[in-house]
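Chemist: Pasting a structure here, questions to come.
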Amino acid sequence: MAEGLRERKKRQTKQRISDIATGLFLEHGFVTVTIAEIADAADVSVNTVYNYFPAKEDLFLDRGAEVVDRLSRWVRGRPVGESCADAVLRELRAQVEGVSPAVGLFEGYADFMKVITESPALRSRLWAIQQESLADLETTLRAEAGPVPGRLPELVAGQLNWVNATVFGWIGEEMSKRRPTHEVSREALDLIDEAERLLGEKVLNYGIRTAT
């Protein structure tokens, strides 16, 4: 469905507020900058900021919902003949090889992570996002693979989430050293290969999509 004018303006306003807030956080730190200062810089009211972002942390980690759904989205989009694990590994490799900002491969990531590291509130929110992603993936695996007895979906979700978190965390550490993105990307692909070799057959073959 085509996006209406009103919806487009709301999306643009939300993005503009987030971009301005991020710039202020990067320059002055998360704790120092107030919502009132963000509203003033964006030329909107404080209430408008809160209408789009219920919490201050949402202004910096504004893609939280997208991150929560990412692994599940990859699993749901897998083609016939592909398992849930293969879908996650394939998509993760594609983002790393494509030097995607979505996995932290962009110049300035060190500055981005510095803001998070210095803020207990942001660190807490990031941890919460990771836990939500794990729970969301388990729900998706149960829905995609049908009724499975025992705790296998939970265990598979944990393993796939571990691979994703390990790769993402390693990229973050290396990018925080301000290394060239292409070097980090190349080494991250090796890390994905190594992680895949550690996964068991039950994980790798879980939820192979069959023709409908």
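We did not get these values from a lab; they are worked out from the coordinates using the rules stated. These numbers come from a predicted model, not from an experiment. Note: ideal-geometry Cβ built from the backbone for every residue, glycine included; neighbour counts use all protein chains shown.
Chemist: Hey, what does the equivalent ellipsoid look like for region 130-212, semi-axes from the Cα gyration tensor as sqrt of 5 times each eigenvalue, largest first, whole Å?
Modeler: 29, 14, 11
Chemist: Take the residue pairs Lys14/Lys56; Lys56/Lys114; Lys10/Lys114; Lys114/Lys177 and return only those whose Cα atoms are more than 22 Å apart. Could the numbers behind the result be given before it?
Modeler: On the way: Lys14/Lys56 13 Å; Lys56/Lys114 17 Å; Lys10/Lys114 30 Å; Lys114/Lys177 11 Å.
Checking Cα-Cα distances, Lys10/Lys114 exceed 22 Å.
Chemist: Please give the peptides 194-203, 128-137 ranked by average Cβ packing (other Cβ atoms within 10 Å per residue), highest first, as a rough proxy for protection. All intermediate terms of the calculation are to be shown ahead of the outcome.
Modeler: Values: 194-203: 13.2, 128-137: 17.7.
Per-residue Cβ counts within 10 Å, averaged per peptide and sorted highest first, yield 128-137, 194-203.
Chemist: Give me the mean projected area, in nm² to one decimal, of the convex hull enclosing the Cα positions of the chain. Walk me through the numbers on the way to the answer.
Modeler: Values: hull surface 55.6 nm².
Here the figure is 13.9 nm², rounded to one decimal.
Chemist: Also, quick follow-up: Taking all pairs of different Cα atoms in region 70-122, averaging 1/r and flipping that mean, what Kirkwood radius in angstroms comes out? Walk me through the numbers on the way to the answer.
Modeler: Values: mean 1/r = 0.0776 Å⁻¹.
Result for region 70-122, one decimal place: 12.9 Å.
Chemist: When a/c is below 1.5 the answer is rounded, else prolate if a/b is larger than b/c, else oblate, so apply that to region 52-151 with a ≥ b ≥ c taken from the square roots of the Cα gyration tensor eigenvalues. Numbers along the way, then the final one.
Modeler: Numbers: a/c = 2.75, a/b = 1.55, b/c = 1.77.
Cα axes put region 52-151 in the oblate bin.
Chemist: Cα centroid distance between region 117-137 and region 150-194, in Å?
Modeler: 16 Å
Chemist: While we're here: Testing the spin-label approximation: label points 7 Å from Cα along Cα→Cβ at Gln12 and Thr48. State their distance in nm.
Modeler: With each label point 7 Å from Cα toward Cβ, the separation is 1.3 nm.
Chemist: Taking the Cα centre of the chain as origin, sum charge times position over the Cβ atoms of Lys and Arg (+1) and Asp and Glu (-1), and report the length of that vector in debye to the nearest 20. If you can, show how the numbers build up before the last one.
Modeler: On the way: 27 positive and 33 negative charges, 110 e Å.
The dipole of the chain has a size of about 540 debye.
Chemist: Also, I was wondering about something else. Based on DSSP H runs of at least 4 residues, each adding -39500 (n - 2.57), what is the mean residue ellipticity at 222 nm of the chain after dividing by all its residues, to the nearest 500 deg cm²/dmol?
Modeler: Numbers: 11 runs with 152 residues, N = 212.
Helices in the chain give a 222 nm mean residue ellipticity of -23000 deg cm²/dmol.
Chemist: List the aspartates and glutamates whose Cα sits under 19 Å from the Cα of Lys202, skipping any in the same chain fewer than 8 residues away.
Modeler: Cross-link targets: Glu82, Asp86, Glu138, Glu144, Glu154, Asp193, Glu194.
Chemist: Can you compute the modelled spin-label distance between Ala135 and Thr34, with each label point 7 Å from Cα toward Cβ, in nm?
Modeler: 3.4 nm
Chemist: Assuming 0.890 mPa s and 25 °C, estimate D for region 2-125 with Stokes-Einstein, Rh taken as the Kirkwood radius over Cα pairs, in µm²/s. Could you put the intermediate results ahead of the total?
Modeler: Values: Rh = 16.5 Å.
Result for D is 149 µm²/s.
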